[in-house]
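Worksheet: one structure, shown below.
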Amino acid sequence: MALALKRDDTVMVITGKEKGKTGKILKFVSENNRVLIEKINMVKRHSKPTKANPQGGILSKEASIHLSNIMYYCGKCAKPVRLGAKTLKDGKKVRICRKCNEVLDKT
């Protein structure tokens with residue numbers, strides 16, 4: 001799984017209430033195979049007033065989604081795709097789109 005998904009990758013949600021939406025990966029929660037995706041799976045949290053937030057109130061923030069519910073979104077194919085690995089001539093290992101064979105890692 002070392003070459004699978006990385007931070008700042010664009011992914012699409014393939015199941016659940018957010019199905020069909022795309023966003024960038026913000027953070028991995030590796031203990032339970034979950035990720036935070038930008039503006040996806042928003043939840044409301046009530047907070048007491050603190051020094052950092054003297055107003056308090058209801059805050060919206062992203063909740064995590066399980067890795068099995070997302071797929072990498074290829075901009076060229078405009079579809080969620082599986083990822084493959086390929087070794088270039090210079091010996092560098094890169095990720096490729098399985099549908100269009102485009103190299104995804106920017107060098």
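The values are calculated or read from the model by the stated rules, or taken from the named source; none is laboratory data. Quick caveat, the model's predicted, so the values are computed rather than measured. Positions of Cβ are backbone-derived with ideal geometry, glycine not excepted, and every protein chain shown enters the neighbour counts.
Restricting to region 17-57, count the residues that are among the small types (Gly, Ala, Ser), in a loop (DSSP other than H, G, I, E, B) and at pLDDT 95 or above.
As a first pass, look at region 17-57 and keep what is among the small types (Gly, Ala, Ser): 20, 23, 30, 47, 52, 56-57.
Checking the rest, the ones that are also in a loop (DSSP other than H, G, I, E, B) come to 20, 52, 56.
If we keep only those that are at pLDDT 95 or above as well, we get 20.
Number satisfying all stated conditions: 1.
Within region 1-37, restricting attention to residues that are closer than 19 Å to Lys79 by Cα and polar (S, T, N, Q), which residue is surrounded by the fewest Cβ atoms within 10 Å (Cβ to Cβ)? Selected residue: Thr15.
Here Lys44 clears all of (1) free of Cβ contacts under 8 Å to residues at least 40 places away in the same chain; (2) surrounded by 12 or more Cβ atoms within 10 Å (Cβ to Cβ) except the condition numbered (2).
Within region 1-25, being over 23 Å from Val94 (Cβ atoms) and of a type outside the set (Gly, Ala, Ser) holds for Val13, Ile14, Thr15, Lys17, Glu18, Lys19, Lys21.
Please indicate, with yes or no, whether at least one residue in region 64-75 is assigned to a loop (DSSP other than H, G, I, E, B), at pLDDT below 95 and out of contact with any Phe, Trp or Tyr (no Cβ under 8 Å at 6 or more places or on another chain). The answer is yes, given that some residue of region 64-75 is assigned to a loop (DSSP other than H, G, I, E, B), at pLDDT below 95 and out of contact with any Phe, Trp or Tyr (no Cβ under 8 Å at 6 or more places or on another chain).
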